[in-house]
Every structure is written in C-alpha cells, then in structure tokens.
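One structure below.
The values are calculated or read from the model by the stated rules, or taken from the named source; none is laboratory data. Keep in mind the model is a prediction, meaning the values are calculated, not measured. Every residue, glycine as well, gets a Cβ built from its backbone with ideal geometry; the counts of neighbours run over all protein chains shown. In case anyone asks, the SASA skips ligands and DNA or RNA and just uses the protein heavy atoms, side chains included. Shrake-Rupley method; radii C 1.70, N 1.55, O 1.52, S 1.80 Å.
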Amino acid sequence: MAELTKKGIGGFLARQGILVAFVLFMVGFALANQRFIAIDNIFGVIRSSAILGVMALGVTFVVIGGNLDLSVGSMMSFSTIVVLDLHDTLGPTLAIPAMFGLTLALGAFIGFLVGYLKLNSLIVTLGMLSAIHGLTLTWSGGQNMDIADKQGTWFSVFGQGSIAGVPMPIIIFGLLAVVLGLVLSKTPFGRKIYAVGGNGQAATFSGIPRARVVFFTYLISAFCVATAGLLQASRSLGSQNTVGQGYELEVLAMVILGGASLLGGSGTIVKTVIGVLIFGFIENGLLLVGLEFYVQDVVIWLVIILAVWLDIAAKRGRLWSPIA
Amino acid sequence: MTPEKRKDLLKQGAIWGFIVLELAFFSIAGQFLSVTDTVFLSVDNMLLLLQQSAPIGIIALGMTIVMINGNIDLSVGATFALAAIVMLDSMTWPFMQALGDWAIPLSWCFALLTGVVLGAINGLIVWKTGVDAFIVTLGSMLGFRGLVFAYNGEQPTSHLNWTLIDFAEAQFLGLNTASWFLLGAALLLWLLMTRTVHGRNAYAIGNNRDAAVNAGIKVGPHFLWNFMLIGFLAALSGIVFSSGTGSVNPNDGMLYELWAITAVVLGGTKLAGGYGSIVSTLGGVIAIQLLRKGLGYVGAGTETVNLVIGLILIAVLFLDRQLNRKGKEELKT
Amino acid sequence: MTDQSSVLRLEGVVKTFPGVRALDGVSFDLRPGEVHALMGENGAGKSTLMKVLGGIYDPDEGQIHVAGEPVEITSPMQAKARGVVFIHQELSLADELSVAENIWLGELPLKSFGRVDWGKLYADTDAILKTLNVSFDARTRVGDLSIANQQMVEIARALTVDPRAVIFDEPTASLTDAEKVVLFKVIADLQSRGVGIIYISHRMEEIFKITDRISVLRDGQYRGTLNTAETDEEAVTQLMIGRKLDLSRNESHHEMGDIALEVRGLSCGHLFRDVSFTVRRGEVVGFYGLVGAGRTEIAETIFGLRDPSEGQILLGGQEVRIHSPIEAIARGISLVPEDRKGQGLVLGMNCRDNMTLPQVDDLTAGPFVSDGAEISIFDQYRDKLDIRTPGWRQTVGNLSGGNQQKIVIGKWLSMRPEVLIVDEPTRGIDVGSKSEIHNLIRDLAAQGYAVIVISSEMPEVLHVSDRIVAMFSGRVMRTFTSDEVTEDSLIQAISGLQSDKVA
C-alpha cells in the first residue's frame, strides 16, 4: 500500500512535474521577496512574456503536428519591420491587415513545402529563417525602422494601451490563448492535429488530409507571429532588423518546457502557457532576489532538461537511459 | 559502373559541381556587374575566402560527425563565445602575465578545455538521461550563453596581445593561420571518419543504432566522445576567431549553430544520421562562403545572400527528395 | 541424454512479463549437426525464447547449457562469443556501410591509433564470403545488395566465430525459390561441420525438407519434440494448436445481395497485374496468398492509397476513380489495415478518439466536437464488439492486441461502410479473440456488408469466406467457392503451381 502511494506520487510528479516545479518556484520566490506576488509585478512579467508567449502558442500547433518551426524569430522581425514601414506609407488601418497578409503568405509557403511537398521541417524552416531575414533586410534597406510621428499615432495602443488596468499585450495573449486552446482541444481540426502528429500514417489511413492539416498548423503559427510582430512594433514604435533573432529556439524551449514532445502528438496550450510563464517568472524572480539576468538562462537550461528527463523517465519506467 | 555507384558519385560530387557553377557564374556575371575592378577568381580572393570560412567551417566539421551519429548540437555558438572569452580573459590573469608569451598556448589550452568540458556536459546528459540531443543542446544553448554573460556581463572581453595577432595574421605557404586550422582539422577529421574504428562506428550507430548496440558497440561513451569533439572544435573556432580580433562580444557566435547545420546539410549529410562526409561538409562551407562573397562581388547585399542561401537549402532538400522517389505506384501516405 | 551430445540445452526456462507467463518451463536440446525446427503459433513464445538465448531477456528461472557448460547469457555479444549466433528476420545491417564492416561490426580489426586494419578486414571477409559462394565482395555497400544477399551477409556474420549453434528466424520469408536453394546449401554445409541449427519457420514444406527434429511450443509451454522422418504435418499442427487443425469451411450462407464492388483488370506497376473479382453484399471474399503476393496492395489501391496503372473499380455498378482515403471513405469503403500499430491506431490517443477519428468532422455541436455523440458511438461499439477497457479515456497503446484490433474494427463499422476490407484481422491476437473476430466477420456479412478478408492463415480464410481468391506473385490464380475448395488445391494455387483445374 505504501509502495502504491509512493508510486502514485512519483507518477504524479512525473506527469505534472512542470506544474509542481512552477508552483514551487512561485512559492519560493514569494517567500523570498514580497514584491514578487504584487499584482503590478505579475502584470509586468506577463506583459513582457506576451510577445514570446504569443509565438509559442503558434509553435505549439506546429510541434503537436509533428514538425518544427525555426523561422518564427526571423518571421517576427519581418512582421515588425513591415508593419512599421507600412504605418507611415499606408497608415495604421491598412498597414496591419497588409502585414498580416504578407506574414500569412510566408506561413503558407512553409506549410506548402512541409505539408504538401513533405520536406523535412527542420531544414525548410532553417532555410526560411535565412531567406526571411533576407526579405526583411531588403524591405528595410538594412536600416532601423522607425515611425515618424511617435506621439500622434493610435498604433501604440496594442503594445502600450490597457483596458481596465490590464495591459493590452496581456489581453491579446490571453484572448489568443483561450481561442487557440479551444481550437486545439475542442474542435475536429484540433483532434486531427494530434492524430497527424501522433501517427501520420494512421491519420492518412483514417481519411485525414495530412498535408492540409500540417499546412494549417503553419498558417496558425504565422498568424501568431504576425500578432507578436504587431505587439512588438506597437510597443517600441521602432525596430532593428534583427528584433526576433534567436527567438525561434527560445520559443521552442518554452513549448518543450510545457511538455510538448518533439515527436509530435502531445502537448496542450495550457501547458505551453505554463512554460511561457515559467520562463517569465524565473527571470523576474531571480532578478528580485538579487541575481543577475543571466542566471535565468542557466536555471532554465536545468529546468528544461529536468522536465523532459522526468517525462521520458516516467514513460520508460526507469530514471537512467538504457543506452549502453 | 553500377547505377548505385553512379548515384553515389553524383551525391558526393554535387556540392563540388555547385561550387564550380558558382565560380563560373560569379566570374562571368562579375564582368558586367562587378562593383570593383578586382578579378573574382583570383588566388588572393580565394585564399581570403578560405580564411573567412574558417570559424563556421571548423564548427561544421564537428557538426558533421555529431549528425552522422544521428544527434545534433545547437549549443556550439555559445561554446564558441565562452571559449573565446576564456582565452582572452585568461591572458590577463596575474600568473599568466608573468609567463610572457608563453601565456598564449596556455590560454589556448584553457579555452579548448572549456569547450571539451561543455561538450562533455552535453554528451553525458544525452547518454545518461536518454533525452533527445536536440532538446539537450537547445537547453544548453541557453545555459551556456548564460555562462557567457555571467563572465563579463554585457561588456565585450578584450585583450590585445601583439604576438597573438601576429600569429593569427601570419601566413605559411600562402595560407593564413585560420585556413591552416580549417584544413588541418578537416584532414584529421577525415582520417578519423574514414580510417578509424571510432569513425566507422559513428556511421554504424547513425545508420542502425539497434544493430550497433547488439554488436556490442558502446553507444553512450561514443556519443560522449563526439560531443567532446564538437565542443573542442567550437572552442578551436573561437580561438581562431578571437586571436585575430583580440576581442569578443557576449553575443558572438549566435546563430552559428544554424549556419553550421546549413553547411552540413548542403554537403549532403543525412539529418537522420548514418550518411555524410567531412569532405562534402568542407564543400558546403566553401559553397556558402563563395555565395556570400560572390553576391557581394556582383553588388548584392547581405539581404540577397540570406535569401539565396535559404532558398538553395530548400531547393537541395526538394531535389534530394525527387531523386529518391520510388515512382508512381508508391504508397501515398 | 548426456551433455556431450548437445551443443545447446535449455532446462525449465521461465520468463514472465507483467500479467503473462511468456515462457513456462521450456526445455529443449540441440545436437551437433542437426537441423532442429522450432514451431508454434504467433505468440507461442518462440521469439521470447530466442531473446532469452540471445541475452536480451534475463530468464526468471531455468538453466542454459552451451556445449555442456551452464552459462549465463547477458548480451548478444556474449552469446556470439560462446558460439550461439542469430540470423534475424528483420535484417540488422547498416546499409550505408560495406559488407566487411557489417560482418565485423563492433569488432573491426585494429591497428595503431585506433585505425581500422582494412587489409586484414577485407581478407578475412573475403575468406568467409568464399565459403558462402556469393557473387559480391567485401567492399560492396550493403544497401546495394538484394534482400537475399543481405541475408547472406547476416549469415557471414555468424561465421566470424566458430559457431556451435546458429539460429535462423524465418530466413526464407523474403527469398525467391532460387535463393532458398542457396540458403539450404549453406545450412547443409554448416550441418556437415557439426554446427547445430535451430530453424524457425511457419512453412511446413521447408520444415519437412530440411529438418531432423521438430520441437513445438504452445502458449509458452514446451509441447514435445518429434523426429521429422516419423511424423507428418497433421501431427505437428495438432501439437501446435492443441487440437486438430480446424479446416472447417464456412457453412452458413445467407442471402446474397447485389454486387457491391467489382474490380476489372486492375494493375499497379509490378505490384499486381490484371486483377478481377466481385464482392456481393452479404458475402465474405477471402484473399489468400503468401506475403508479397500483392493482396495488401490491392486493398490499398481500392482504398485510394495507390494509383492503379490500369483497370477499373466499380462500386454498385458505377465506375469510380478513388485518389485518396478521404474519397474512399466518402464512397463507403473502409479498410482495417494490416499494420495495426503503424496504420490503424494513434497509440498515444485514447480509445474514443481513435474510434471516432474518421468521422470527427461530423460529430460536432457548433464549432466543437460533441463529447456526447462521441461517447455514445464508443459505448455502442464497445458493447457490440465486447471491447474490454476500463473506459474511453484509456490510452489505446495500453490495450491488448485483440482489443486494439476491435477498436480499429469499431472505428470502421461506425462509418457504416458498403464495403469493409480487413487485412490480416487476427495477426498477433490470442486464440480466444481470434474466434470472436471470425464470428464478428460472419455476422457483419449476415447484416449485409460486403466484406473482403485478406489473410495468410489458411484456417482463417477457410473459416470465414464464402469465396476465396488465391493469389500468387501479383496475379489472381484461381477463385474458389467454399464448397469446392480443398487445402491441396489452395496451396497449389498460391504456390504458383498450375493445375488442370485452373478455371
């Protein structure tokens, strides 16, 4: 009986380890520094996590579908630069849909290559990382992009505004998380993504249009990237060409931290949101207890490996790998 | 010649054919478009090209071995930066300064040791936990970069040592120091992969891991050695780069992992492991650098270079798939 | 029996897995220079026994003796060092490497600095290859060899040590007749050198041709050893299945309806050629033939997974062109695929979601999947098919093979198809579930479904079919009704032997 309970706790820890870790972190930091759980601090953390968080939502779809998307960082730079540039030429009302259209077109191209042509997603998106960076530089002429009249535009509302005291980026992130969470967990399309990522061949044999499903996961990812670009542009009203550089791997790390398997077929939006928040709160918590910003990188490294390790250890029933 | 052999030769030769094509294109296009009066296909230009390929090239060589193994290493960029910092910083340590120029080789040893240790950390985690190398090194990419910042915050680390810079700028038989390192590493690794038991086992493991395990090959330690090797090479690359400049930024080496993987894939190494060659990777590295320089030569900027390299990578993937199709009766899954 | 007379001896080997006694006191001995067949149905414990011998599993009880000495085998390497070598069914070769490197995998000859001694490697390899009389040399890339030659490489691997016992696991599964002759010669050669051979196969004619003794396993238990010369197929079969082989035909014929599916002159490259047949409503048509005869490929073509190069498919009299499973499903065709885990199920998904997967688009309330509709479908087919699972939330990967198969069948029945194709419906399933599934197939036909059953097991085809299509090498050899079929004529038809009875 005692053993059973132990096994139960162990199993729970392994399954929900990331949640447990999250709670422990929160409690620990809260005890160490009261400011940590102050509402404005929490808002601050979520707001600064929102841009990467929005991208992580999209990448979750791609990863559950059994693929990778390494182009999101570069694509996000593209969206940011494009919307800033078009803001001054077309005006904000037209610039936003135009930027979304262009970003979705890039997503569709990747979706076509990976979904319909069945090319390896790692290499395709690696290539697109470089290609889109080229597009961005072409668009901007290599210069930083700034809005001419920073005071007089309503465009800043997405990044800087707030409704009832809640910052806009949090509202947008939350709204998107709820909508995409419902799409993934409750709709037939969501179910098909899990099937395609879990066992693509079985999905085909069940009459699921695998190529189309993969295509749409990249469209969703592109939509999220466009939203992130909008938030970034609106917050800073000016940007470098490389604003999203390196985000692709950071975002992927958040998704994996949330428990999505790189093999596809598992993961949820809720878990990804937890992954995003852990990133944000660890950084914030460590700063508040007086540690330097780079300590978070090291801590997150350990957390990621521990999380994935415990997950697969629970599945194989032993802690250490069977590799000879 | 059997059709299989011909196909193999085609695969091996493709990257060199591509390089010849690039040379021809830029030489001819340069006649009309060149922004300078220099000739593209000059010895000096080609030597410079080799020298500029060295930092990513040396890493790509190591990446080839790790990828033949069926693994990947995303942390090389951070290792690169940390090793460079260790080298430059260690020369300012009091006891090192007392050594005069003898501090240089010692500082190199420190840097290389750093790389090997970081590689060993990756390798040990992959071996002992069984977590996929992609995830392990994705994590350590963040973690190692954290260590880089921990060393000197966001400040660049610099140390000017003229002997060191002289060495880095030195030429021997017309080749620059960096080029010698690249070619030397390529030769040694080529020997390793084609002549030694360790190299042949690397192919066997990537090709059919179960068979390798059943044949008694110690897969875990094998992984460990290769991760230490790529750590060593990333550090070597860091040394070669920072010896010349005498300074390193904490953000240096970012995205090197992606460039190195691009070069390796262009060289034809299979992502799934089991197939690939050091020589072809060298070809991939040179092809990319040629493209950079060539496009610059005909007046195109970085933007075009990025665009073209990305699209070429995808095109290579597409061609490779078309060549390996089985025909119409294939199962549509 | 003294120890000296056996090269390999097992005594009371027991191996249990959670809930299963996979090997239950198995004893067995192998004499030098004999070919000893090991037989048993799927799941009888043959492969577990081999894994115990190969050191992959640790036996819970029992003793293994090699050449009279009690040994403990903990790895395939150790087994090999003691002269016990395996020729696996799934080839375990690295196809990018040369023949020589594969043969000496893990033990390449060394020179200084860890270099490979290529000269010695190639010389040693060529010496071994010479004894096998093969047409390739040590430097050939394994990926460029035919399957038969790859098997020769596996065999060559066994000869790097002085083998005492060589275990062949279904070695002829993918060999042509000419290649089999070569294999049998190699076996005879080993035999003459005093090596003991364990030969695992399902093919009776081979067993009676080359073996000296036959040992039989059933449900993990040793059932006895027979001298091949003194026994016949029937006695062996009886030992294997514990009763006389049930070759009873299907007797129940029900009202047949119209022709549901007709195939005319269908071809797909070299996979199958000029295939024609019809299936009526209420009829079960069995497709019988050896692995690779093209049966599965026909099913895949009808299901839209392959494009036919010639011929027509008619559904209810109308010619149709089917380009994808989606179209096939829309036209009322369902396929229960051969590879349950690879093609039939998403193992990480729960039971309900797997079952409703093809129709998830239709089970909606507003934009969302309707939980209620899904659960009611699951409950309906769980009861109908008697699927034993703690609940719909159970991950399919945790169910037994039989229950998994029922989930797949339920998945397709719930689509209410016109034509149901089941490919190897009882592969890897225990005897009890087997007969349940057979009864189910008959019931479905009685309800008016047109059913195609593809199977490699003769009792199964005989048992469920109203008509039997016998295939050989991509062609339909003959179609039998259940009244006229005999085992002999069926075996002749699927072996490609022309008889005057061919229609």
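Quick notes
- Over all directions, the projected convex hull of the C-alpha atoms in chain C averages 27.5 nm² in area.
- Here the simple spin-label model places points 7 Å from the Cα toward Cβ, and for C:Thr131 and A:Val270 these points are separated by 6.4 nm.
- GNM top mover of A:Ala260, A:Ala21, A:Ala50 - chain A, alpha-carbon springs below 10 Å: A:Ala21
- Whole-Hz ³J(HN,Hα) from phi, Karplus 6.51 cos²θ - 1.76 cosθ + 1.60, for segment B:94-102, glycine and proline x: x, 5, 6, 4, 5, 7, x, 6, 5
- Within-14-Å neighbourhood charge of B:Thr163 [Cβ basis; K, R +1; D, E -1]: -3
- Debye log10 I(q)/I(0) for segment B:231-333, one point scatterer per Cα, at q = 0.12, 0.17, 0.18 Å⁻¹: -0.55, -0.97, -1.05
- Those residues of segment A:200-248 for which accessible area with every protein chain present is at least 40 Å² below the isolated value (1.4 Å probe): A:Gln201, A:Ala202, A:Thr204, A:Phe205, A:Ser206, A:Gly207, A:Gln245
- The spacing between segment A:99-137 and segment C:262-335, judged by their C-alpha centroids, is 38 Å.
- Eigen-decomposition of the gyration tensor built on the alpha-carbon atoms of segment C:3-241 gives equivalent ellipsoid semi-axes of 31, 21, 16 angstrom, largest listed first.
- Counting all C-alpha pairs of segment C:103-229, share separated by more than 21 Å (%): 48 percent
- Rounded to the nearest 500, the 222 nm mean residue ellipticity of the protein assembly as shown from helices alone is -18000 deg cm²/dmol, with -39,500 (n - 2.57) taken per DSSP H run of at least 4 residues.
- Average partner coverage of A:251-261, which counts Cβ from other chains inside 10 Å: 2
- Debye-formula intensities of segment C:404-456, expressed as log10 I(q)/I(0) at q = 0.13, 0.31 Å⁻¹, are -0.28, -1.50 (one equal scatterer per alpha-carbon, no solvent).
- Atom-type composition of the exposed protein surface of the protein assembly as shown places 58 percent of the accessible area on carbon and sulfur (1.4 angstrom probe).
- The magnitude of the dipole of the protein assembly as shown, with charges of +1 and -1 set on the Cβ of Lys/Arg and Asp/Glu and taken from the Cα centre, is near 680 debye.
- Between C:Ala330 and B:Glu330, the C-beta separation translates, for a Förster distance of 25 Å, into a calculated FRET efficiency of about 0.65.
- FRET efficiency estimate (nearest 0.05) - Cβ-Cβ, B:Asn152 to A:Ile39, R0 30 angstrom: 0.25
- When +1 charges are put on Lys and Arg Cβ atoms and -1 charges on Asp and Glu Cβ atoms, the dipole computed for chain C relative to its Cα centre reaches about 540 debye.
- Convex hull volume per residue, computed on the Cα atoms of segment A:155-212, equals 98 Å³.
- Of B:Gly62, B:Gly284, B:Gly246, the one that fluctuates the most in a GNM where chain B has Cα springs shorter than 10 Å: B:Gly246
- Placing unit charges on each Cβ (+1 for Lys and Arg, -1 for Asp and Glu) gives chain C a dipole about its Cα centre, and among C:Val285, C:Ala328, C:Ala450 the Cα reaching farthest toward its positive end belongs to C:Ala328.
- Segment A:193-308: C-alpha gyration tensor shape, a/c 1.5 cut-off, then a/b vs b/c: oblate
- Residues with amide H under 5 Å from that of C:Gln221, placed H, sequence gap 5 or more: C:Asp24
- Amide H partners (placed H, <5 Å) of C:Lys111, local residues excluded: C:Val116, C:Asp117
- Multiplying the residue separation of A:Lys118 and A:Arg212 by 0.36 nm and subtracting their alpha-carbon distance yields 32.7 nm.
- Sequence-distant residues sharing a close amide H with C:Ile167 (under 5 Å, placed H): C:Val85, C:Phe86, C:Ile87, C:Ile198
- A simple rule links phi to the HN-Hα coupling: the Karplus curve 6.51 cos²θ - 1.76 cosθ + 1.60 with θ = phi - 60°, which for segment B:289-298 gives 5, 4, 5, 4, 5, x, 5, x, 4, 8 Hz, with x for Gly and Pro.
- Using all pairs of distinct alpha-carbon atoms, the Kirkwood hydrodynamic radius of segment B:55-255 works out to 17.3 angstrom.
- Cα gyration tensor shape of chain A, rounded if a/c is under 1.5, else prolate or oblate by comparing a/b with b/c: oblate
- When the P(r) is computed for the protein assembly as shown, the part past 57 Å accounts for 22% of the Cα-Cα pairs.
- Filter on A:Lys186/A:Lys271; A:Lys315/B:Lys218; B:Lys11/B:Lys270 - keep pairs with C-alpha separation over 20 Å: A:Lys315/B:Lys218
- Between B and A, accessible area buried - total, square angstrom, nearest 100, 1.4 angstrom probe: 4300 Å²
- Diffusion constant of segment C:266-326 at 10 °C, which comes from Stokes-Einstein with the Kirkwood Cα-pair radius and 1.306 mPa s, µm²/s: 129 µm²/s
- Buried surface between chains C and B: roughly 2300 Å² of accessible area, summed over both sides, computed with a 1.4 Å probe on protein heavy atoms only.
- Cross-link pairs beyond the 29 Å C-alpha cut-off, checked among B:Lys332/C:Lys406; C:Lys111/C:Lys180; C:Lys111/C:Lys185: C:Lys111/C:Lys180; C:Lys111/C:Lys185
- Charge sum, other residues only, whose C-beta stays under 12 Å from C:Pro417's C-beta, Lys/Arg counted +1 and Asp/Glu -1: +3
- Using the alpha-carbon positions of segment C:339-415, Rg (one decimal) and Dmax (whole number) come out as 11.5, 36 Å.
- Furthest towards positive pole of dipole, C:Met256, C:Thr74, A:Ile51, structure part the protein assembly as shown, Cβ charges: A:Ile51
- Part-to-part distance (alpha-carbon centres) for segment A:266-304 and segment B:81-121, which is given in Å: 31 Å
- Derived scalar couplings ³J(HN,Hα) [segment B:303-317; Karplus, 6.51 cos²θ - 1.76 cosθ + 1.60; whole Hz; x for Gly, Pro]: 4, 5, 4, 4, 4, 5, 4, x, 5, 5, 4, 5, 5, 4, 4
- Separation of alpha-carbon centers, segment C:360-428 and segment B:38-72, rounded to whole Å: 55 Å
- For B:Cys109 and B:Leu187, a Förster radius of 25 Å and the Cβ-Cβ distance give a FRET efficiency of 0.70, rounded to the nearest 0.05.
- With all protein chains kept in place, the per residue accessible area of segment C:339-415 amounts to 38 square angstrom at a probe of 1.4 angstrom.
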